[in-house]
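Contents: one structure, followed by commentary.
The values are calculated or read from the model by the stated rules, or taken from the named source; none is laboratory data. Computed from a prediction, not measured in an experiment: that's the story for all the values here. Methodologically, a virtual Cβ is constructed for each residue, glycine included, from the backbone with ideal geometry; neighbour enumeration extends over all protein chains shown. Accessible surface areas use protein heavy atoms only, side chains included; no ligands, DNA or RNA. Shrake-Rupley method; radii C 1.70, N 1.55, O 1.52, S 1.80 Å.
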Amino acid sequence: MFFGDKPTDMDLVLQEFERRTNDSLGLKLNMEWNAMEDYRQKLKLRLAAGEEVDAVFDASWMSLEQNVAQGYYQMLDKYFNNDEYPGLKKAFPPQYLEANSFNGHLYAIPLTQLFYDIEIVYIRKDLRERLGLEPIESYADLEAYLQAVARAYPDMIPLALKGDRGFFKLFANEDKQTHYRMAPHMISGVGVGFQVVLSKDAKHVLGAVTYGDPLSAYEDFPSPLNDPDYFYGSFDRFVAWNKYIQKDVLTERNPQVLFAAGKSAASEAVLSNWSEIRQKLITSIPGAELEGFVYSTCQRKMEKSCIGTDYRAWNNLAIPVTSKHADEMMKFLDWLFQSQENHDLFELGMEDEHWMGAGNEMYKPMPAATNYLFPRYELTWNPAMSRISAGNDPEAVELLRYSADPETYYRLPLSGFRFDPSPVKSEIAKVQPVSDQMAQVFRNGLEPDWRSAAAKTNLKLRSLGLDKIRSELIKQIQAYLDAGGT
């Protein structure tokens, strides 16, 4: 089970896979593709109903922790660090697996190319130059561009956003997180976004706060953490910038379609999308040029120790306990990671048709590349095997190499902590849908009086079990710290 659109040439790749492995694996892969907005609910229903599925995409930002706690996924330890699966042993070293384990066991295959995918506002360079503006180096420059677009092209959306993502991390607090965990690095699997504050020596939990909590919940925190706006002040900027985004943003699945078609002048996405977005843009609009604005200051300046990480993958592939073909599925994945050639087939498509080699670590997209846009983070991403596109502009390649440099990162507090949602799973099931709906409205700047709305929703969340979840989170973190966790 995947989400997204099935690549046009997916069947060609599957036929080539079967041709290559007919005498060895003898497998046939059936892939189901679901719309993103339907996927989470479909996955939940199928797992709960015990339907037979051999592999599913899941993630901490989706439902991974809850589904592991529910016992829906098979333990995969035996397939890794095992000479019978040399591809998996090579591609997933022990320290990488340890960072992505649950209570010392692996329940999902971690998929990542880099430990962080830098966020970018993609901009029409040709439009910016036509409007007589200098390169964008700040939020003020970006707003000047959006305002100029609104004046000169009233039928064009200045900034296209994705409905469930919104403004995402624009205007986010950029302070280094040393004794607290806040957006964008909140603890996963809790069902609601809690900002967790520790004592300065990081040995005690001072509290965990969320949208709409009263001021009294912050009063024991050290300054500046005792001010809710330290955590949520960006919502005011989202409201102010809502005038630049599309009116029907909540239903928007793919803002890059608007951008590539010339219906928007900018769009928020991530660095790994650069080559694909550029290819679509220049194919669709003759003379169009792409550039990106990295909106985190230290990332834009490519400073060391800039990005906090717990060294976990943001995306995963899990094997449900209902699968009758777990060994076959893992044999396929072992084959996938056994060689660069095998990996390239699924990640990039048919060589010399969709792509061609451009050195050891790079590839060049061919004109037919748009017919095979596989969502790599759902199956193939790997730090040792995923190539960099030569279709990226030089600044994108420089940023990708910056993202791959270990010195770019610092270790977040509580990086080894995993929340076990099982004691409060029924409360999470009630709280999460309400919290997600509220957060989506706030992330798109659609509620000018968001403070009052958050306080009102907070009362409803408390009636559904919010405080029980909060207490369990604090209890588990304190136990982790008492046991020597950091």
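Quick one: accessible surface of F168, probe radius 1.4 Å, all protein chains present, in square angstrom to the nearest 10.
Roll a 1.4 Å probe over it and F168 shows about 60 Å².
Within 10 Å, Cβ to Cβ, of T486, how many net charges do the neighbouring residues add up to if Lys/Arg are +1 and Asp/Glu are -1?
+2
Among the lysines, select those whose C-alpha is under 19 Å from the C-alpha of K468, and discard any that sit fewer than 8 residues away in the same chain.
K468 reaches K425, K430, K456, K460.
Can you return the lysines within cross-link range of K78? Criterion is Cα-Cα under 17 Å, with same-chain partners fewer than 8 residues away left out.
Excluding near neighbours in sequence, the set is K89, K90, K324, K331.
HN-Hα J couplings of the range 434-443 from phi, Karplus 6.51/-1.76/1.60, θ = phi - 60°, integer Hz, Gly and Pro as x?
So the Karplus estimates, Gly and Pro as x, are 5, 5, 4, 5, 4, 4, 5, 4, 5, 5 Hz.
Given N residues in the range 323-389, what is its alpha carbon radius of gyration divided by 2.2 N^0.38 Å? Mind dumping the intermediate values first?
Numbers: Rg = 12.7 Å, N = 67, 2.2 N^0.38 = 10.9 Å.
That ratio works out to 1.17.
Set the Förster radius R0 to 51 Å, insert the Cβ-Cβ distance between A455 and N22 as r into 1/(1 + (r/R0)^6), and round the FRET efficiency to 0.05.
On the way: r = 62 Å, r/R0 = 1.22.
E(calc), rounded to 0.05, equals 0.25.
Probe radius 1.4 Å, ligands and nucleic acids left out: which of D393, D38, D58 has the largest accessible area, and how do the rest follow?
Working: D393 30, D38 70, D58 0 Å².
The ranking, largest first, comes out as D38, D393, D58.
With all protein chains present, how much of the accessible area of the range 385-486 (probe radius 1.4 Å) comes from carbon and sulfur, to the nearest whole percent? If you can, show how the numbers build up before the last one.
Details: 2520 of 4650 Å².
Answer for the range 385-486 is 54 percent, counting heavy atoms of protein chains only.
Counting only heavy atoms of protein chains, what accessible area per residue, in Å², does the chain have with a probe of 1.4 Å?
On the way: 21330 Å² over 486 residues.
On a per-residue basis, 44 Å².
Given a 1.4 Å probe and every protein chain left where it sits, what share in percent of the accessible area of the range 218-304 is carbon and sulfur?
Working: 1860 of 3910 Å².
Answer for the range 218-304 is 48 percent, counting heavy atoms of protein chains only.
With the full set of protein chains in place, find how many percent of the accessible area of the range 84-166 is carbon and sulfur; take the probe as 1.4 Å.
Details: 1780 of 3530 Å².
Answer for the range 84-166: carbon and sulfur cover 50 percent of the accessible area.
What FRET efficiency do you get for Q15 and W61 if R0 is 25 Å and r is their Cβ-Cβ distance, rounded to the nearest 0.05?
For Q15 and W61, the calculated efficiency is 0.15.
Kindly sort T8, T486, T309, T370 by accessible area of their heavy atoms, largest first, with the probe set to 1.4 Å.
Working: T8 105, T486 85, T309 5, T370 50 Å².
The residues order as T8, T486, T370, T309, largest area first.
When a/c reaches 1.5 or more, the comparison of a/b and b/c decides; with that in mind, is the range 353-483 rounded, prolate or oblate per its Cα gyration tensor?
Details: a/c = 2.68, a/b = 1.87, b/c = 1.44.
It comes out prolate by the Cα gyration axes.
Ignoring everything except DSSP H segments at least 4 long, calculate the 222 nm mean residue ellipticity for the chain; use -39,500 (n - 2.57) per segment, divide by total residues, nearest 500.
On the way: 18 runs with 182 residues, N = 486.
Result for the chain: -11000 deg cm²/dmol, rounded to the nearest 500.
First select every other residue whose beta carbon is under 15 angstrom from the beta carbon of G132; then total the charges, Lys and Arg +1, Asp and Glu -1. Don't skip to the answer; put the middle values down first.
Values: positive: R124, K125, R128, R130, R151; negative: D126, E129, E134, D141.
Within the 15 Å Cβ shell, the charges total +1.
For K304, which lysines qualify as cross-link partners when the Cα separation must be under 17 Å and same-chain residues fewer than eight apart are set aside?
Answer for K304, where 17 Å is the Cα cut-off: K176, listed by chain and number.
For L114, list long-range residues whose amide hydrogen, built 1.01 Å from N in the peptide plane, is under 5 Å from its own amide hydrogen.
Under 5 Å from the amide H of L114 lies no amide H from a residue far enough along the sequence or on another chain.
Subtracting the Cα-Cα distance from 0.36 nm times the residue separation, let me have the gained length for D420 to D175 in nm, one decimal. It would help to have the intermediate numbers written out before the result.
Details: separation 245, 0.36 × 245 = 88.20 nm, distance 2.80 nm.
This chain segment gains 85.4 nm when fully extended.
When all protein chains stay in place, what accessible area (Å², nearest 10, 1.4 Å probe) is found for T283?
In the full protein context, T283 sits at about 90 Å².
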